[in-house]
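First the structure, in the form of structure tokens, and then the observations on it.
The values are calculated or read from the model by the stated rules, or taken from the named source; none is laboratory data. Here the structure is a predicted model, which means the values were calculated and not measured. Virtual Cβ from ideal backbone geometry, glycine too; neighbours counted across all protein chains shown. These accessible areas exclude ligands, DNA and RNA; they are computed on the full protein's heavy atoms, side chains included. Shrake-Rupley method; radii C 1.70, N 1.55, O 1.52, S 1.80 Å.
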Amino acid sequence: MTQVMKKEHIQEHELNEEHYFQSLLIKATQRGMFTSEQLAKIQMGLYELIKNQVFKFTSGESTSVKIETAHSLMQSIYFSIGAYLKTVKDMDKKIHILTQENIQDIFLKSKDILKKYLLESHAKLKLIQSEYIDIGNMALHETLFDGFPGFFLEYDVNFKAHEIPGGIIDYILSVDFSHLVGVEYVQAYLNCLIQENHFCRCFSAKEIEKLLRGYSKTYKEDLINVYEIVLGNAIGRIISENDLSSLSITNSDRNIIKRKLVNMGISGIDKYLFTIYEQLLFELKLSKQETDYVYSALNTFCKRTRTCLENDSLEAVFISFREEVNKPQAYYFDGNQMDNDKLRELIEELNQCRYLSDKILLITSNVKSLNDLTEILSECIYEGEYEHVFHMMTKEEISLLKERILYEKESEVMPLIEYDGWKAALICYSEK
Amino acid sequence: MKNEFSILPLDTMKSEYPMEIRACNKFTSKFGIVLSDTEIDLLAKARWTALEQNGRIEFGGGILQKLIFEFCDSPFLHQDNFTSTIEELQSIFYYFKNECLEKFSDDELIESMKISFDKECQGSTDFLIGVMLKKMSHSSILNYNDRESSDLHYNEQEGEFDEEDKL
């Protein structure tokens with residue numbers, strides 16, 4: 001047997017996170033950590049493993065598969081073995097396992113690890129879903145209630161362990177996990193989302209919504225990270241000597257922040273922000289894991305603050321609330337709504353009218369409520385007739401209906417829809 | 001990490017294959033067909049070429065043995081044309097595995113090829129492709145996807161995992 005010549009030790013940071021097993025195998029081979037017999041044994045073990053996997057994948061019905069299929073099966077095997085090896089802390093022990101243990105046994109252990117991750121991640125998802133407070137962001141909602149459930153439904157730990165199937169997972173976290181795949185990605189993602197969620201739960205949902213509205217009018221559709229925005233304002237509150245019962249930062253608060261930071265210099269700002277972070281964490285009484293997570297964002301936050309200070313754009317970091325779109329005022333008292341059956345009879349009668357003047361007469365005689373009128377506008381009045389109906393209405397009624405239309409558009413979760421015919425006509429009419 | 005197969009001992013796999021084919025002679029000799037070492041090497045090389053041409057890969061014995069066993073009693077095959085025909089049939093087989101989208105097992109496809117070869121095609125591999133394509137378009141589709149791919153089954157109604165010993 002050729003003597004193993006142990007050369008340069010392999011460091012963890014040298015290994016590729018996504019292709020962990022392959023990179024370990026290559027590095028160990030390059031550094032002479034395997035004898036030729038050991039390497040041959042590993043290769044044969046992998047060959048037998050892929051042969052078995054193809055057999056199982058095709059239910060024993062096919063000896064050949066498309067190359068892409070075989071690639072995928074191999075990637076799954078490598079990913080699984082890599083996931084298991086990552087749980088072994090000592091590098092020498094990893095090498096020892098590869099040289100002494102049967103690859104099939106290593107693979108079976110790896111599947112147990114992945115199943116454990118899957119069950120743990122699922123429990124984490126349930127926790128996040130139970131703690132979820134709807135702040136209206138579509139990406140977050142879809143990720144939690146569509147994307148991840150889809151993943152757990154479709155994840156194939158046996159043949160496609162490296163994949164992330166299912167619905168869309170596109171809510172952005174403050175940490176990047178693009179170097180991870182499969183259930184490792186999901187596990188890391190959910191771990192972080194829990195920390196971000198716990199931090200945000202220190203503040204009221206109403207305050208967060210106001211803050212997000214201040215950040216962007218279209219925050220509901222935008223791909224944003226809520227945690228970073230909340231963290232920024234929470235820090236701003238402390239710098240401007242406000243308490244954390246609100247997340248509001250006014251212009252004068254920003255001036256205070258600017259005055260404090262402007263003459264500090266780079267290292268001065270970083271040191272100062274570090275003390276503010278400590279104060280924030282003390283006040284919020286977070287757990288160690290949550291604290292560590294907040295600290296992990298410190299460097300990026302310092303850099304961003306310094307850049308915005310230089311560009312005199314601190315409002316990008318410490319955000320002011322925006323006034324809400326006014327909901328329709330309650331000062332207008334609507335008439336009584338018609339009984340549903342009576343309304344349907346009226347609509348039928350209106351649709352049988354030959355002349356517009358007859359329609360107008362029926363409407364003025366029977367319709368007292370704006371709700372009924374909007375129904376009639378949708379179902380019985382057509383282009384060329386709208387203005388005649390609008391002429392009958394008071395300025396107040398026109399204004400109120402217009403506000404309702406604009407309010408519907410602002411609060412739509414889905415992308416903006418075009419107005420119905422009468423709505424567009426009313427807005428034009430109101431602007432004359 | 002583009003070539004996932006670079007770690008595997010593919011050369012070893014290729015060199016072991018002819019021994020399995022040699023073992024077929026014991027059976028095929030009853031039908032007057034005995035493959036020489038040269039012919040066996042030719043078929044073994046042709047197998048890899050056919051796989052490559054059809055974008056497929058095979059681990060283990062492959063279908064050559066099955067083809068030989070299935071076709072050795074064909075009234076249209078004899079010692080002189082057996083090797084060349086099997087070589088063509090091998091290529092046709094992998095072509096059809098792709099065409100049928102993996103919906104037929106190896107055994108079903110080989111059996112169907114043999115029946116068509118002996119009946120409608122009268123021993124012609126040229127006609128075999130057309131006849132097989134026609135058959136496939138009329139046949140029922142077998143659902144490959146009924147295979148349970150995971151032994152952790154996610155119960156959507158309960159919102160939890162049921163663990164089953166499947167594989």
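General observations
- Residues located in the range A:67-94, provided they are among the hydroxyl-bearing types (S, T, Y) and either open to solvent by less than 10 Å² (accessible area, probe 1.4 Å) or assigned to a helix (DSSP H, G or I) (or both): A:T69, A:S72, A:S76, A:Y78, A:S80, A:Y84
- Residues satisfying the stated conditions in the range A:164-182, i.e. touching a residue at least 40 places away in the same chain (Cβ under 8 Å) and either of a type in the set (A, V, I, L, M, F, W, C) or open to solvent by 40 Å² or more (accessible area, probe 1.4 Å) (or both): A:D170, A:I172, A:L173, A:V175, A:H179, A:L180, A:V181
- Of everything in the range A:37-66 that is surrounded by 16 or more Cβ atoms within 10 Å (Cβ to Cβ), out of contact with any strand residue (DSSP E or B) (no Cβ under 8 Å at 6 or more places or on another chain) and outside any helix (DSSP H, G or I), the residue that is nearest to the other protein chains (Cβ to nearest Cβ) is A:E61.
- Hits in the range A:260-276 (condition: more than 19 Å from A:T291 (Cα to Cα), surrounded by 15 or more Cβ atoms within 10 Å (Cβ to Cβ) and free of Cβ contacts under 8 Å to residues at least 24 places away in the same chain): A:K260, A:M264
- Residues in the range A:202-220 that are open to solvent by 50 Å² or more (accessible area, probe 1.4 Å), touching a helix residue (DSSP H, G or I) at 6+ places or on another chain (Cβ under 7 Å) and either of a type in the set (S, T, N, Q) or not in a helix (DSSP H, G or I) (or both): A:C202 only.
- Subset of the range A:133-155 [open to solvent by 10 Å² or more (accessible area, probe 1.4 Å) and either without any contact (Cβ under 8 Å) to a residue 24 or more places away in the chain or small (G, A, S) (or both)]: A:G136, A:H141, A:F145, A:D146, A:G150, A:L153, A:E154
- Taken residue by residue, the range B:86-104 has no member that is in contact with a Gly (Cβ under 9 Å, 6 or more places away or on another chain), modelled with pLDDT of 95 or more and of a type in the set (V, I, T).
- Near pairs, Cβ below 8 angstrom, 6+ apart or cross-chain, from the range B:99-112 (within 11 Å of chain A (Cβ to nearest Cβ) and free of Cβ contacts under 8 Å to residues at least 40 places away in the same chain) to any residue that is assigned to a helix (DSSP H, G or I) and charged (D, E, K, R): B:F104/B:K97; B:L109/B:K97
- Condition check for A:L223: within 21 Å of the chain's Cα centre (by Cα), closer than 23 Å to A:D170 by Cα, open to solvent by 40 Å² or more (accessible area, probe 1.4 Å) and at pLDDT 90 or above: yes
- Number of the condition not met by A:A188 [criteria: (1) more than 14 Å from chain B (Cβ to nearest Cβ); (2) without any contact (Cβ under 8 Å) to a residue 60 or more places away in the chain; (3) part of a loop (DSSP other than H, G, I, E, B)]: (3)
- Condition check for A:T305: at pLDDT 90 or above, outside any loop (DSSP other than H, G, I, E, B) and loosely packed, with under 13 Cβ neighbours inside 10 Å: no
- Breaking point among (1) of a type outside the set (D, E, K, R); (2) buried (at least 19 other Cβ atoms within 10 Å of the Cβ); (3) under 29 Å from the mean Cα position of the chain (by Cα), for A:I257: (3)
- Residues that are under 24 Å from A:L193 (Cα atoms), over 23 Å from the mean Cα position of the chain (by Cα), within 12 Å of chain B (Cβ to nearest Cβ) and surrounded by fewer than 16 Cβ atoms within 10 Å (Cβ to Cβ) occur in the range A:96-116; there is at least one.
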